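Asks: Let me give you the structure first, and then I'll get to my questions.
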Amino acid sequence: MSLAAIYLRLSRNEEQLNIEEVLSSHRQALIKLANQHHLSFDLYQEISSGVNTERPELNKLLKSLDLYDYIIVMDIDRLSRDNAYAEYIKTMLIAHDIKILTPTGTIDLTQETSEMTYSVQAMLANFEYKQIRKRLGRGRLAAAEQGRWVMSNQVPLGYKKDQNQILKIVEEEARIIRYIFEKTKDRVSANEIAKQLFMLGWKSRNGNVLTTAHISSIRRNVVYYGVVAACRRVNGRVVDEVFVEAAHDPIISKQHWLEVQKILDENTTGNFFNKKKATRRLQNLLFCNHCGRKRYIQTDGSGTDFIKTCSYKISNNACKDKGIKYQPVEEFVIQKVKEKEVDFRQALSKLKDSDTSNEEKKLIVQMDSLDKQLEKLNNREKNLKIMRMDGEITKTDFLDLSKENEEKINQIKQQKELITIQLENLNHTEEEQERLELCIKTLNNLDLLEAEECNTFLKTFIKKIWFSTNATADHNTKKEPPEVTIEIEWL
Ligand SMILES: [Zn+2]
């Protein structure tokens with residue numbers, strides 16, 4: 001039987017009720033919890049006052065950690081509200097491989113197991129919470145690798161999930177998907193398809209009208225040719241990806257799907273019948289500094305490019321921000337972009353300076369310690385077998401002890417996996433360096449790039465260019481024109 005320490009603490013100043021009564025009810029709750037988990041226990045309890053931060057009982061408990069497998073508390077706060085001290089306690093508990101139990105299900109961080117038992121790593125700090133999430137993510141990814149639909153609770157239109165989490169075609173919905181892909185292949189715009197679906201009365205699973213946005217995302221979704229795609233992110237970065245073809249029955253053949261992608265890719269401006277590619281470097285980057293809407297570029301009769309006068313209506317008033325010759329605006333922006341090289345170089349040298357070797361050392365030390373623990377546990381396993389063979393322990397004891405040992409081994413293996421990932425993550429710094437180096441190189445050859453390539457490159461680090469002539473279309477041309485605004489919003 002495992003042994004637990006029940007720790008009870010109340011602060012005198014925070015309780016209006018009879019403090020002995022509260023203490024007793026907490027005690028009952030914790031004892032009940034110990035019984036539920038078949039744990040024998042020792043009691044530690046104390047009442048602190050606001051001024052007095054001494055906690056002799058807690059200290060006594062911390063000195064006897066060797067004895068225990070579990071600590072049972074009302075909530076984690078009871079152990080310490082002071083971060084530094086909590087950190088210390090955490091280290092102690094990890095070192096002694098002690099788990100925490102609380103009566104409420106509120107610290108249900110993982111759903112990994114239905115038990116309320118979580119290693120203290122999971123609870124006391126955000127860092128450990130992330131670890132659990134990483135592990136969870138990997139569990140999901142492993143399921144996705146088997147073609148199961150697990151990354152989202154929502155099942156895409158056209159499919160349902162069977163008991164093995166494999167997608168199955170729902171014929172009534174699938175016809176909508178086929179319709180959308182057919183029409184797209186005929187170069188019908190999403191807007192037009194939306195209208196047609198509305199007229200057919202074909203709606204989403206919940207009876208909602210399918211919008212242009214729905215249609216746009218449906219025709220890009222790989223799920224429809226039988227793919228389960230999933231990825232795992234750590235700090236926003238994709239660290240692991242799964243892409244399984246033929247995971248389920250396709251609604252659209254792969255060939256059809258690819259043909260549709262090609263048509264969509266040709267259509268960069270959003271106008272389905274305009275198959276022209278970006279012919280200007282600032283295409284789709286210019287936005288009106290007055291009304292926030294996109295500004296369009298047009299060629300006049302003599303072949304000169306103009307930024308068109310803004311004609312968006314804002315509550316019945318048209319914006320009317322005046323147009324201007326395009327070329328000088330482009331030159332200005334390109335100049336600013338070239339000046340950005342300094343920033344890129346700074347970021348690069350900062351990256352090169354940032355030394356991750358300390359972090360790496362720390363992880364390697366942790367790994368070493370885990371290896372040692374693992375070795376110890378493996379030895380224990382062997383010893384248990386010998387003891388059993390020699391008849392020193394009963395079969396029940398042997399099974400119990402082996403099971404306990406095995407659980408510990410699994411825990412350590414998981415922690416080792418985690419450290420392996422963290423070590424891999426350190427390598428991402430190098431990738432970022434390469435990206436910046438490439439960026440600088442491209443920047444130096446900017447004038448050699450085709451308009452479209454340049455446009456694509458600019459979009460990798462420019463979000464929007466805010467532009468305004470600050471004059472209205474009916475501006476009196478005899479007056480001195482106001483200064484033009486060009487502000488670059490970097491990504
Ligand atoms: Zn405007």
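The values are calculated or read from the model by the stated rules, or taken from the named source; none is laboratory data. Here the structure is a predicted model, which means the values were calculated and not measured. All Cβ positions, even for glycine, are placed from backbone atoms using ideal geometry, and neighbour counts span all protein chains on display. Surface accessibility is based on the protein's heavy atoms, side chains included, excluding ligands, DNA and RNA. Shrake-Rupley method; radii C 1.70, N 1.55, O 1.52, S 1.80 Å.
Asks: Report yes if some residue within region 437-444 is surrounded by fewer than 12 Cβ atoms within 10 Å (Cβ to Cβ), part of a helix (DSSP H, G or I), touching a residue at least 12 places away in the same chain (Cβ under 8 Å) and not assigned by TED's automatic domain parsing to the domain that holds V365; otherwise report no.
Replies: Yes: region 437-444 contains one or more residues that are surrounded by fewer than 12 Cβ atoms within 10 Å (Cβ to Cβ), part of a helix (DSSP H, G or I), touching a residue at least 12 places away in the same chain (Cβ under 8 Å) and not assigned by TED's automatic domain parsing to the domain that holds V365.
Asks: Given (1) surrounded by fewer than 16 Cβ atoms within 10 Å (Cβ to Cβ); (2) among the small types (G, A, S); (3) closer than 20 Å to K254 by Cβ, where does A174 come up short, assuming only one miss?
Replies: So A174 meets the others, but not (1).
Asks: Under the condition of being of a type in the set (A, V, I, L, M) and free of Cβ contacts under 8 Å to residues at least 24 places away in the same chain, which residue from region 299-342 is farthest from the ligand (Cβ to nearest atom)?
Replies: Here the residue is V342.
Asks: Here's a follow-up. Just the residues that are open to solvent by 80 Å² or more (accessible area, probe 1.4 Å) and not basic (K, R), please, taken from region 332-358.
Replies: Hits for region 332-358 are F332, Q335, E339, V342, Q346, D353, D355, N358.
Asks: Just the residues that are among the basic types (K, R), within 11 Å of the ligand (Cβ to nearest atom) and either part of a loop (DSSP other than H, G, I, E, B) or in contact (Cβ under 8 Å) with a residue 40 or more places away in the chain (or both), please, taken from region 277-298.
Replies: Selection gives R293, R295.
Asks: Could you check I386 against (1) touching an Asp or Glu at 6+ places or on another chain (Cβ under 9 Å); (2) more than 16 Å from the ligand (Cβ to nearest atom); (3) outside the structural domain of L374 (by TED's automatic domain parsing) and say which number it fails?
Replies: So I386 meets the others, but not (3).
Each row is one residue, and each column tells you yes or no for (1) within 30 Å of W490 (Cα to Cα); (2) in contact (Cβ under 8 Å) with a residue 40 or more places away in the chain.
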site	(1), (2)
K350	yes, no
K382	no, no
K416	no, yes
E450	yes, no
